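The block underneath contains the structure these notes are about, expressed in structure tokens.
The values are calculated or read from the model by the stated rules, or taken from the named source; none is laboratory data. Since the model is a prediction, treat every value here as computed from it, not as a measurement. Cβ placement follows ideal geometry from the backbone for every residue including glycine, while neighbour counts extend to all protein chains displayed. With ligands, DNA and RNA removed, areas are computed over all heavy atoms of the protein, side chains included. Shrake-Rupley method; radii C 1.70, N 1.55, O 1.52, S 1.80 Å.
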Amino acid sequence: MMKLYYSPGACSLASHIALEESGAEYETQRVSFKGNEQRSAQYLMINPKGRVPVLVTDRGILTESPVILGYVAQAFPQAKLADNDDRFAFADMQAFNVFLTSTVHVAFTHVFRPTRFADGDDAAAAMRAKAGESIDDYFSLIEAKLADDRPYVHGDGYTVSDPYLLVFSRWLDRSNLGPVEKFPLVAAHRRRLEDRAAVRTVLERERVSV
Ligand SMILES: N[C@@H](CCC(=O)N[C@@H](CS)C(=O)NCC(=O)O)C(=O)O
């Protein structure tokens with residue numbers, strides 16, 4: 001059985017929701033950041049990068065959110081979590097997911113964990129300010145993508161990009177860069193997602209608020 005290592009409300013939330021939507025059997029293991037469990041010797045043996053998410057499969061361990069999301073979408077095609085029959089549409093979905101991981105997530109990391117990039121309070125404050133501006137720009141791009149009454153990131157069909165966007169629209173409020181209502185279509189997307197049964201199940205399991 002597959003096993004997901006996650007931390008509540010972290011980027012692993014997207015993989016958790018995708019697994020729940022996939023209909024697959026899986027188990028979860030919570031990793032406590034408060035206890036710095038992701039740096040424990042035991043966890044580093046599972047993922048030497050010391051990060052979540054990690055998905056343990058019968059073929060081995062997968063890391064990196066876009067990879068796990070793409071894997072779950074392809075491994076359980078009946079759940080229709082991606083356009084698996086159209087290579088271009090699949091690549092386009094991955095482009096969005098890679099933008100989230102490489103650009104949006106990294107900007108948030110400058111806000112949440114500035115010491116990963118530079119030492120000192122002045123550097124932290126400067127990075128927080130600049131990253132905040134960048135995050136605003138990135139969400140403006142996402143807002144434009146959701147225009148024309150698109151209920152989901154890629155149009156009418158739900159894909160794994162949707163729970164992945166949910167992670168970051170939630171972080172907008174957590175980081176004081178929100179409120180998410182600054183971006184009305186992103187806010188509507190978040191409400192739409194939080195109304196889905198699988199999403200509610202996972203939020204309750206992770207014990208994070210809607
Ligand atoms: N590129 C990775 C980033 C993973 C990542 O940074 N995860 C964060 C949680 S959102 C983490 O594990 N942080 C723990 C730490 O930095 O110690 C992905 O997209 O999966």
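In this view, the solvent-accessible surface of residue 83, computed with a 1.4 Å probe and all protein chains in place, comes to about 70 Å². The dipole here belongs to segment 74-154: it is taken about the Cα centre, uses +1 on the Cβ of Lys and Arg and -1 on the Cβ of Asp and Glu, and is about 280 debye. Between 24, 71, 40, the Cα set farthest toward the positive side of the dipole of segment 1-90 (charges on each charged residue's Cβ, about the Cα centre) is that of 40.
Approximating the spin labels as points 7 Å out from Cα along Cα→Cβ, the residue 57-to-residue 207 distance works out to 3.1 nm. Rounded to whole Å, the principal axis extents of the Cα atoms in segment 85-140 read 50, 22, 11, largest first. With coordinates expressed along the principal axes, the C-alpha atoms belonging to segment 152-210 extend over 29, 28, 15 Å, beginning with the largest. For segment 4-82, what does the alpha-carbon gyration tensor say about shape, rounded, prolate or oblate, given a ≥ b ≥ c as the root eigenvalues, a/c under 1.5 as rounded, and a/b over b/c as prolate? Note, shape of segment 4-82 comes out prolate. Length gained on full extension, residue 136 to residue 200: 20.3 nm, using 0.36 nm per residue less the C-alpha separation. Calculated on C-alpha atoms, the gyration radius of segment 1-138 divided by its Kirkwood radius gives an Rg/Rh of 1.01. A full extension of the chain between residue 156 and residue 3 corresponds to an added length of 52.1 nm, given 0.36 nm per residue minus the alpha carbon distance.
For segment 110-167, pairs of C-alpha atoms spaced more than 18 angstrom apart make up 50 percent of the total. From a point 7 Å beyond the Cα of residue 99 in the direction of its Cβ, which residues of segment 112-145 have a backbone N at a distance under 11 Å? Flagged as within label range: 138-145.
Taking a probe of 1.4 Å, how large is the accessible area per residue of the chain, in Å²?
Values: 10610 Å² over 210 residues.
Result: 51 Å² of accessible area for each residue.
With loop membership from DSSP and a limit of 15 other Cβ atoms within 10 Å, the longest segment of the chain without trypsin sites (Lys or Arg not before Pro) is 81-206. Using a cutoff of 8 angstrom between alpha carbon atoms and counting only pairs six or more residues apart, the relative contact order for segment 1-79 works out to 39 percent.
Mind jotting down the distance between the C-alpha centroids of segment 83-100 and segment 155-176, whole Å? Between the Cα centre of segment 155-176 and that of segment 83-100, the gap is 16 Å. Note on segment 91-193: Kirkwood hydrodynamic radius from all Cα pairs is 14.1 Å, rounded to one decimal.
Do any chymotrypsin sites (Phe, Trp or Tyr not before Pro) in segment 97-143 lie in a DSSP loop with no more than 13 other beta carbon atoms within 10 Å, and if so, which? Write down the numbers at each step before the final one.
Numbers: sites: 99, 108, 112, 117, 138, 139; in loops: 117.
Here the sparse-neighbourhood loop sites are 117.
Model label points for residue 27 and residue 86, set 7 angstrom from Cα along the Cα-to-Cβ axis, are 3.9 nm apart.
What length, rounded to one decimal in nm, is gained on full extension from residue 181 through to residue 117, with 0.36 nm per residue of separation minus their alpha-carbon distance? Walk me through the numbers on the way to the answer.
Working: separation 64, 0.36 × 64 = 23.04 nm, distance 2.95 nm.
Extending this stretch completely gives an extra 20.1 nm.
What ranking of 45, 127 comes out by heavy-atom accessible area, probe 1.4 Å, highest first?
Values: 45 160, 127 35 Å².
Sorted by accessible area, descending: 45, 127.
Considering Cα pairs under 8 angstrom that are at least six residues apart, work out the relative contact order of segment 17-174 and quote it in whole percent. Relative contact order here is 20 percent.
Given a 1.4 Å probe and every protein chain left where it sits, what share in percent of the accessible area of the chain is carbon and sulfur? Walk me through the numbers before you get to the answer.
Details: 5250 of 10610 Å².
Answer for the chain is 49 percent, counting heavy atoms of protein chains only.
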